[in-house]
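The values are calculated or read from the model by the stated rules, or taken from the named source; none is laboratory data. Bear in mind the structure is a predicted one, so any value in this text is a computation, not a measurement. Note: ideal-geometry Cβ built from the backbone for every residue, glycine included; neighbour counts use all protein chains shown. SASA here: full protein model, heavy atoms, side chains in, ligands and nucleic acids out. Shrake-Rupley method; radii C 1.70, N 1.55, O 1.52, S 1.80 Å.
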Amino acid sequence: MSTDLSFGSVPPFYREVYNIVCPNQEQVDRDLFLQLLVRSSLPKPVIMQIWDAVDTNGGMMTRTGLYKALALTALAQQGKPVNEKLLETFSGQELPKPNLGDLTEMKSESVKMRRERTPNVLGYSYLDLCSIDTVKVELVPEKKGLILKHVEYEVTSQRFKSTVLRRYSDFFALHELIMTRFPYRILPRLPPKKMMGANREFIEQRKKCLKRYINILARHPQMHDDKLIKYFLTFTGNDMQHKIKEQFRGIPDEFMTSNMASKAKDLVPMDTQTQLSNSKDHVRMLYDNVSKMKEIAEHMVVRSTGFATDMLTFGRQLSYMSVDATPLTAWATGTNDTWHPLQKGFRRLAVEYATISDKATQEAIDLEDGVVEKLSLFLDILTGYRDLCERHEKGVLSEHQRAIQKMGQYKKKKMSATVQSSNESAVEQLEQRILEQEGQIANMENRNYYSLHCLQMETQLVYAHLDIFYSILSCMMEVEAQANAQLAKTWSFLKPIVDSLTIQDGPPSPTRTSPVGSPTNDNYMGFRIGKAPFKSQGTI
């Protein structure tokens, strides 16, 4: 094309569109471009004219070609013909901006297309996964039920803009259906049941587990769009656990509905078993080390909580002493005038110790939410991955091997019956069974390949979550740095208060060798200095 973009300036919108359709600075292909221009609502013949005007690379388009296409699209939306010479009229001006709708939706479509074209690449970062949805789970303050009290949870989905009430039994019903629907995916474990005597700590920990559980499902690349997840997060009727079972009774598994199931064999690389074995070893290492890190983080929370309790208790003791009204006389204090100034200082110090306690409590909360919970989430992912590998080995792979062994037995029986030639009907029955078994083996073989393909994607999902460590380490650093800085500042603020407790003003009190009323006073017990000592009248 002879025309270039020297005649008009490129508006920021053009660059924004290019970054959406070409995030890796790649060329735009025909299908992606046409899907982009469909958003312009132009007739298909006009869209094809625009493509023909800018296609200079055999089905691909450069950045310059995309910019020209956007300019021609804007002009076509104004009712003008598709002619690149019209662009020359924009010399020294900004090129026109086409109407392509919401760019956020365009970005989603572009990402979806690229993922579909590379089925062996997950194509999700940790931030991408988090952007799918964020589900909050909060305890409803009051337990429900007339006789048998039960706990309810308020479950809020950011994606669906919904808030629903759920019981633990509702989560359990969802889990059973999810296990049937997605047996080849990472599925987190549900927290355990507790029939009687669930204390507050148990309920709080179970709430956190349920929150991690539903977020992993709601952010999963394959599960987040499933009707089952949407139903759980949006249904507002009663009796959820029975309604969801009725709605999805007999739901087929992912293999039966996937458009990739028939070509699963082509999706599995030759070295998959070796790569899977290496990944399992690495995941085992990650699990062991992250488990220890979680224990350490939990100890940090316990220490901060304990320190907060100690400081609050210490401050309370100061407060108790500051309001003590026990009458004191010189009989007890002698020449010491420290108590009353100390009481005034204790009152001020008690407030500061409470402040130190509050800061330590906040440190514990921040560590719990930003470090412990995120390490727990990653451990849930790793545990789900290990369970998935076990299901593959004990389920699909084992069933496939048993089916092959059964086929061998049928063939041996047929061979024996053929040699004996004693019963033709028996031979025919065996041949029919062999044909049926071959169909089952073919289906199981395809399931095995599909399971292996899913294992590759779920392995990549594990590694996509590794980015969570940036958040974990950053949170730990910021929390500890801020907490220590605040504590140091508060402790420094205490110093002048403590220093002010020392009595420095006024002349020293006269030294009294014997306080009034003491045993050494000359009027004590009826005797004076210079008289004979008092003699007891009897034995004590």
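Summary of packing: across the peptides 273-283, 453-463, the per-residue average of other C-beta atoms within 10 Å ranks them, highest first, as 453-463, 273-283.
Sorting 326-332, 79-85, 370-376, 300-306 by average packing, meaning the other beta carbons within 10 Å per residue, from highest down gives 370-376, 300-306, 79-85, 326-332.
Rolling a 1.4 angstrom probe over the protein heavy atoms with all chains in place gives the stretch 197-247 an accessible area of 51 Å² per residue. As a fraction of the 1.4 Å probe accessible area of the stretch 37-128, surface on carbon and sulfur atoms comes out at 51 percent.
How would you classify the stretch 254-317 from its alpha-carbon gyration tensor, with a ≥ b ≥ c the square roots of the eigenvalues: rounded for a/c under 1.5, else prolate if a/b is greater than b/c, otherwise oblate? Cα axes put the stretch 254-317 in the oblate bin.
If packing is taken as the mean number of other Cβ atoms within 10 Å per residue, what is the order of 35-41, 240-246, 112-118, highest first?
With the highest mean Cβ count within 10 Å placed first, the list reads 35-41, 240-246, 112-118.
For the set 161/263; 107/394; 211/359; 112/263, the pairs lying more than 29 angstrom apart at their alpha carbons are 161/263; 107/394.
For the stretch 151-203, the dipole from Cβ point charges (+1 on Lys and Arg, -1 on Asp and Glu) about the Cα centre works out to 160 debye, to the nearest 20. Extending 7 Å from Cα along the Cβ direction at residue 190 and again at residue 262 yields two label points whose distance is 3.6 nm. Can you work out the FRET efficiency for the pair residue 347 and residue 302, with r the C-beta to C-beta distance and R0 = 41 Å, to the nearest 0.05? Efficiency at R0 = 41 Å is approximately 0.85. At an R0 of 56 angstrom, the distance between the Cβ atoms of residue 393 and residue 15 translates into a FRET efficiency of 0.65.
From the Cα gyration tensor of the stretch 130-282, with a ≥ b ≥ c the square roots of its eigenvalues, which class applies: rounded if a/c is under 1.5, or else prolate if a/b is larger than b/c, or else oblate? Verdict is prolate for the stretch 130-282. In the context of the full set of protein chains, the stretch 34-176 has a per residue accessible area of 55 Å² (1.4 Å probe). For the stretch 216-327, the pair-distance distribution built from all alpha carbon pairs, in bins 5 Å wide starting at 0, is 2, 8, 8, 8, 10, 9, 10, 11, 9, 6, 5, 4, 4, 3, 2, 1, 1, 0, 0 percent. Taking 19 Å as the cut-off, the amide N atoms of the stretch 205-229 that come nearer than this to a point 7 Å along the Cα-to-beta-carbon line of residue 134 belong to 208-221, 224. Quick one: dipole size for the stretch 161-255, taken about the Cα centre, charges +1 on Lys/Arg Cβ and -1 on Asp/Glu Cβ, in debye to the nearest 20. Roughly 380 debye for the stretch 161-255. Per atom type, the stretch 265-366 shows carbon and sulfur on 58% of its accessible surface, probed at 1.4 Å.
Less than 5 angstrom separates the built amide H of residue 9 from those of 92, 93, 94, 95, all sequence-distant by 5 or more or on a different chain. Taken along its three principal axes, the alpha carbon spread of the stretch 45-178 comes to 81, 34, 27 Å, from the longest extent down to the shortest.
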